[in-house]
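All of the numbers you see were taken from the coordinates with simple rules; none came from a lab. Computed from a predicted structure; not experimentally measured. Every residue, glycine among them, receives a Cβ derived from its backbone with ideal geometry; neighbour counts consider all protein chains shown.
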Amino acid sequence: MPVAKEMSAPQKALLKMGLARDIDLALHLPLRYEDETRIVQLRDAREGETVQIEAMVTHSEIAFRPRRQLLVTVDDGSDTCQLRFLNFYPSQQKALAVGARLRIRGELKGGFLGWQMVHPTCRSASGELPGALTPVYPTVASLPQAYLRKAVLGGLGRADLSDSFPADVPYSIGREPPWNLPKALSFLHQPAPDVSLAALEDRSHPAWQRLKAEELLAQQLSQLQSKRERAMLRAPALLAEQGGLQEQLLAALPFQLTPAQRRVCEEIARDLGREVPMHRLLQGDVGSGKTVVAALAAAVSIDAGWQCALMAPTEILAEQHFRKLIGWLEPLLAPRGLRVAWLTGSQKKKERTQMLELVASGEAALVVGTHAVIQEQVRFKALALAVIDEQHRFGVAQRLALRSKMQPVAGAQREPHLLMMSATPIPRTLAMSYYADLDVSTLDELPPGRTPVVTKLVADSRRDEVTERIRAQLAQGRQVYWVCPLIEESEALDLTNATATHEALSAALPGVMVGLLHSRMPVAEKKTVMALFNGGQMGVLVSTTVIEVGVDVPNASLMVIEHAERFGLSQLHQLRGRVGRGAAASACVLLYAAGDNGRLGETARARLKAMAETADGFEIARRDLDIRGPGEFLGARQSGAPLLRFADLATDGHLLEWARALAPAMLDEHPELARKHTARWLGGKSEFLKA
Ligand code: ADP
Ligand code: MG
C-alpha cells in the first residue's frame with residue numbers, strides 16, 4: 001500500500017489559502033509586478049527608489065551595536081552601497097562573502113554613510129535578466145514567492161480553461177475584441193516583454209474585464225441557482241382572512257400604517273400566500289416601523305392556525321419586541337385560547353419548561369426570544385413563519401437552524417416562510433450582487449410626527465457644555481441617553497469608562513436619577529434599570545452599547561455618544577435613531593477625542609462627517625460602503641459570502657448588469673456550461689447565502 005507522503009509546509013500553505021485545484025492556482029492573480037528586467041547604476045539611482053543593481057561584495061562583517069546585524073558593502077563600479085540584515089542565516093552570510101557578484105534588489109535609502117538597503121533580496125549575478133515584468137503573488141510567510149510562482153504556472157498549464165460562456169450569447173462587454181480566459185490569464189501571469197506596468201495594472205484592460213465578467217457571472221449563477229432550488233421547496237400557503245386577526249390588529253393599533261408600511265405588508269402577504277417559502281429582507285431605517293409589519297405577518301400565520309417565531313440578537317431587544325407584541329396581540333389572542341411565549345438564555349428553569357410546553361403544544365401562537373429560540377429542546381407544533389430581526393447580526397448557521405424548526409407535516413417536508421429585518425439598508429449594487437437571491441422590501445419613509453435629529457460634533461474638552469444641554473432637556477421633562485464605547489480588547493476598561501461617566505453625571509446632576517446599564521450586569525438588574533427609564537422616572541441612562549438596537553422611549557430627546565470616533569458608522573446611525581421618536585426636537589451629540597498625535601484618524605473623520613451631514617439611512621449605508629469596502633460592510637465572515645476578488649462594484653456596474661441578464665438564460669439553455677462555470681469559480685464554495 002502506498003504510504004501517504006507528509007505534506008511540506010508550502011503545500012500545506014497552498015491548501016490553507018484555498019489553492020487546492022489547478023484552476024484555483026490559475027485564478028490566483030498577481031498582487032503587483034516587479035521590474036527585474038533592468039540593472040540600475042547606483043550613480044543614476046534616486047533615493048527611495050526600488051532598484052535592481054549588480055555589484056561585488058567588498059566588505060562583510062557582523063556588527064553588534066546597536067544590535068547584532070550583518071553589514072555588507074557592495075560596489076557596482078559607479079558607487080558603493082551598504083546592505084543591512086537584522087535577521088540572517090549562516091548560509092546567507094556565506095553567500096554574501098567578499099568577492100561574490102550579486103544581483104540585488106531593494107529600496108535605496110540615502111544616509112550619512114551613503115547608500116543603504118535594508119533586507120534586500122540578493123541572488124547570484126549569473127544567468128540572464130528576465131525579459132519581462134515579474135509577477136508578485138499574494139502569499140503567506142510559509143509560502144515563498146518562487147514556490148508559489150511555480151505552482152501557479154503549473155496550475156495554469158494544467159487547468160481546463162476552455163470557454164464556459166455559451167457561444168451563442170456573445171460576450172461583448174468592455175473593449176473589443178473580447179479576450180478569452182487563457183489569453184487573459186497568461187497576459188497577467190506571464191507578461192510579455194513589451195507589456196508595461198500600466199497595462200497590467202489597468203483594471204479596464206480586456207484581460208481584467210474578462211476575469212471580472214467571469215467572476216460576476218459565477219456569483220449570479222450560483223445565487224440564481226439557490227433561488228430556484230428554494231422555489232422547489234414547499235411552505236404552507238397563508239392567506240389573510242376577512243375580518244381575521246390581521247384586520248383586528250390593524251383596527252386596534254393606535255396609529256395608521258404609513259403608505260410604505262402598507263406596501264411592504266402587501267409584498268409580504270403575496271409571498272405568504274404562495275406555497276413557496278418566502279425569503280425576504282425587510283429593510284428600513286431605524287424607527288421606520290418594522291416591528292408592526294412583522295406583527296401583521298404573524299397575525300396572518302396565526303389566523304391560519306400556525307405558529308410564528310421572532311428572534312432578536314440581544315435580550316433587551318427581544319424583550320422590547322415581546323412587550324410590544326404582547327400589548328398588540330395578546331388581547332386578540334386570549335379569546336382564542338392562544339398566547340405569546342418568551343424564550344431566552346437567562347430564563348429560570350421552571351419558566352423555561354413552561355414556555356417550551358406552550359411552544360410544543362401550539363398554545364403559544366407567537367414565540368419571541370433570543371438565540372434560545374433555535375436551541376435543540378425547542379419544538380414547535382407547527383411553525384410557518386420565522387422572523388429574524390437585525391439579521392446581519394446572525395450567522396448563516398443560525399438562520400438555517402431557525403428554518404429547520406419546521407416539523408414535517410403530513411409526511412411532506414415543508415419549510416417556514418422567512419422574513420429577515422435590517423436597519424442597515426444595502427446599497428443597490430450590493431443588493432444586486434451579494435443578495436441577488438433575496439427578495440427585498442424597503443420601508444422608505446418614517447411614520448409621521450418625527451422631528452429630524454440635529455447632530456452636533458463636540459470635542460471632548462467641551463464636555464461641560466454637554467452637561468448644560470442635558471440639564472436643559474431634563475428641565476423640559478425630557479430624557480437623555482449617554483452611550484460609552486465598547487472597547488473590544490478590554491471589557492474592564494469599557495466598564496471603567498461607563499462607570500466614571502455615570503459617577504460624574506450623577507454628581508453634576510443632583511436630584512436626577514442617573515442609571516447605568518452595561519453588558520456584564522445581571523439580567524434582573526438590567527431589567528430594573530430599563531423599566532425605570534421606560535417609565536420616565538430615570539432622567540439619564542448611561543450605558544455601553546447594549547442599547548444599540550431596538551430601545552424605544554419616545555420621550556428621550558438627547559443622545560450623547562462618548563468617543564464617537566470609535567464607533568462604526570452604521571452603529572452611530574442606529575444609536576442616533578434612539579431619539580427623535582416623539583414630537584420633541586431632538587439632538588445627537590457626538591463627543592470625540594483626538595488620538596495621541598492630536599488628530600482624528602482619516603476614517604474616523606469621514607464617519608463623523610457623514611453623521612453630521614446626513615440622517616438618511618441609505619446615504620449613510622452608501623458612505624459606509626465607501627469607507628469600509630464591501631468585505632467589512634457585509635461582515636463577510638458572518639454571512640459566509642465569498643467576496644468578489646476582482647470585480648469592484650463601484651466601477652463594474654456594467655459587468656454586473658451583463659451577468660445578471662445572462663445568468664437566467666444560461667441556466668435555462670446551457671445548464672452544463674453553467675455548472676462548469678460555477679464549479680470553476682466557486683468550487684465547493686457555492687453553498688453561500690442559502691439561508
Ligand atoms: P424599527 O423599524 O427601527 O424596528 P419600530 O418598529 O421599533 O422601528 O418602530 C418605531 C416606533 O414607531 C415604535 O414606537 C412603533 O410603535 C412606532 N410606529 C410604527 N409604525 C408607526 C406608524 N405608522 N405611525 C406611528 N408610529 C408608528
Ligand atoms: Mg427594530
In a Debye calculation with equal point scatterers on the alpha-carbon sites of the range 245-443 and no solvent, what is log10 I(q)/I(0) at q = 0.11 Å⁻¹?
-0.46
Just for the range 38-129, what percent of DSSP beta bridges are antiparallel, to the closest 5?
85
Sequence-distant residues sharing a close amide H with Met278 (under 5 Å, placed H)
His417, Leu418
Signed unit charges on C-beta, dipole axis of the range 245-443, positive-most listed residue Ala386, Leu438, Thr291:
Ala386
Using each residue's phi in the range 443-452, evaluate 6.51 cos²θ - 1.76 cosθ + 1.60 at θ = phi - 60° and report the 3J(HN,Hα) Karplus result to the nearest Hz, with x for Gly and Pro.
8, 9, 8, 8, x, x, x, 7, 9, x
According to a simple spin-label model (label point 7 Å from Cα along Cα-to-Cβ), what is the distance in nm between Val512 and Thr121?
6.2
Sequence-separation-based contact order of the range 245-443, relative, with Cα cut under 8 Å and 6+ spacing, percent:
32
Do you know the relative contact order of the chain, to the nearest whole percent, from alpha carbon pairs under 8 angstrom that are 6+ apart?
13
I need the P(r) histogram for the range 38-129: all alpha carbon pairs, bin width 10 Å from 0 out to the longest distance, whole percents.
17, 56, 26, 2
Compute and list, largest first, the equivalent-ellipsoid semi-axes of the chain from the alpha carbon gyration tensor, each √(5λ) rounded to a whole angstrom.
55, 36, 23
For Tyr137, enumerate residues with amide H under 5 Å from its amide H, sequence gap 5+ or separate chain, H modeled in the peptide plane.
Leu31
Which whole-number percent is the relative contact order of the range 41-149 (Cα, under 8 Å, 6+ apart)?
25
For the range 429-472, take the convex hull of the Cα atoms, compute a quarter of its surface area, and give me that in nm², please.
6.4
5 angstrom amide H check on Ser60, placed H, neighbours 5+ away:
Thr73
Only bridges whose two residues both fall in the range 245-443 count here: according to DSSP, what percent of them are antiparallel, nearest 5?
5
Stretched out fully, how many nm does the piece from Arg32 to Ala583 gain, at 0.36 nm a residue minus the Cα gap?
192.7 nm
Based only on Cα atoms, what Rg/Rh ratio does the range 453-614 have, Rh being taken as Kirkwood's radius?
0.94
For Ala504 and Asp460, extending 7 Å from Cα along the Cα-Cβ vector and measuring point to point gives, in nm, a value of 0.9
Report the Cα centroid-to-centroid distance between the range 329-351 and the range 87-106 in angstrom, as an integer.
76
Rounded to one decimal in nm, the spacing of the 7 Å Cα→Cβ label points at Gln41 and Glu229 is 6.5
Sort 212-221, 284-293, 337-346, 235-244 by the packing proxy (mean of other Cβ within 10 Å over each peptide's residues), most packed first.
212-221, 284-293, 337-346, 235-244
